[in-house]
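Structure, as structure tokens:
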Amino acid sequence: MSEAKLATKTHPEHQTQIKINEQTTVGGEELLIIGGPCTVESLEQMEQVAEHLAKAPVQLLRGGVYKPRTSPYSFQGLGLEGLIILKGVSERYNVPVVTEVMSIPQIESVVAYADVLQIGSRNMQNFELLKAVGQAGKPVILKRGLAATLEEFIMAAEYILAHGNPDVILCERGIRSFDSFTRNVLDLGAVVGLKQLTHLPIIVDPSHAAGKRELVEPLARAAVACGADGIMVECHPEPEKSVSDARQALSLEEMVQLVANLRPVAASVGRKVIEVASEAIACV
């Protein structure tokens, strides 16, 4: 029996809905659509992304400002400058934003500028960081580690819950395998399993699982079909020029089309994709 006293589902209908802002929740009938570039590169880039994705619509805008890169020589993100850009775009286009926090000292500034915090796969078992975001007062997207079992994943969420934050969103983003055809292996069985084990919302990141843009939409459709509460997809105005993860990024046009193609899939499993993100975005 799991030790996850707070994360464990107590009965089949036990499902938590998390409020992102006044217009957006996750865990209910409505599918949460998260989109944006891997990395915040400039104000111009993020304004272009936000304006275009209003057509999808995307309800939560993503963009990395602190980047956990495999190589120390790779671009590490804009830091505070990137947070200022995210906040400005969020206010101008009335769209909430999510960005990753990598260390305890970063939490204060990220909380000040972002609506949702993200814990990346590499930090899934950084227990001191999990305790700290448990006291941050903002919703947290927790990504599954590269080789984490479902029990380990749920117990990582339990750390956040146990330290006072009830708003935890689980994210399946693929696990490591011997096969190099995809960047990671998307574990859709985990989505089904987590739905049975925990009441927390579960979203899927097909971009990091695929590693190839042509695989992103099929994986996204499969994720919705098997019960995911939302998807998180990387997109960029000029994918081939992205400073990170260029191969897996969709163009903005492809992102809008992806959301349109998800509508019938969502409807087939009793979910829906909203037509407009908000009045403010629709008027841009």
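Quick note: the coordinates plus some simple rules give every number you see, no bench work behind them. Source: prediction; values computed, not measured. Quick reminder, even Gly has a Cβ in these numbers, built from the backbone with ideal geometry, and neighbours come from all protein chains shown.
One table, with the values for the structure above:
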| read-out | value |
| --- | --- |
| Segments 47-59, 3-15 sorted - mean Cβ within 10 Å per residue, highest first | 47-59, 3-15 |
| Over region 18-271, relative contact order from alpha-carbon pairs under 8 Å, at least 6 apart, % | 19 percent |
| Hypothetical label at residue 2: residues of region 196-223 whose amide nitrogen lies under 18 Å (7 Å Cα-Cβ projection) | 196-204 |
| Highest-MSF residue in the chain out of 22, 41, 91 [GNM, Cα springs under 10 Å] | 22 |
| Net charge over other residues, Cβ less than 14 angstrom from the Cβ of residue 25 (K, R count +1; D, E count -1) | -3 |
| Ordering of 244-250, 186-192, 61-67 by packing [mean C-beta count within 10 Å, highest first] | 61-67, 244-250, 186-192 |
| Electrostatic dipole magnitude of the chain [Cβ: Lys, Arg +1; Asp, Glu -1; Cα centre; debye, to 20] | 480 debye |
| Aspartates and glutamates whose Cα lies under 13 Å from that of residue 212, excluding same-chain neighbours fewer than 8 positions away | 234, 240, 245 |
| For peptides 134-145, 262-273, sequence by mean Cβ density within 10 Å, most packed first | 134-145, 262-273 |
| Helical contribution to [θ] at 222 nm, DSSP H n ≥ 4, -39,500 (n - 2.57), averaged over the chain, rounded to 500 | -11000 deg cm²/dmol |
| Of 73, 159, 93, the one that fluctuates the most in a GNM where the chain has Cα springs shorter than 10 Å | 73 |
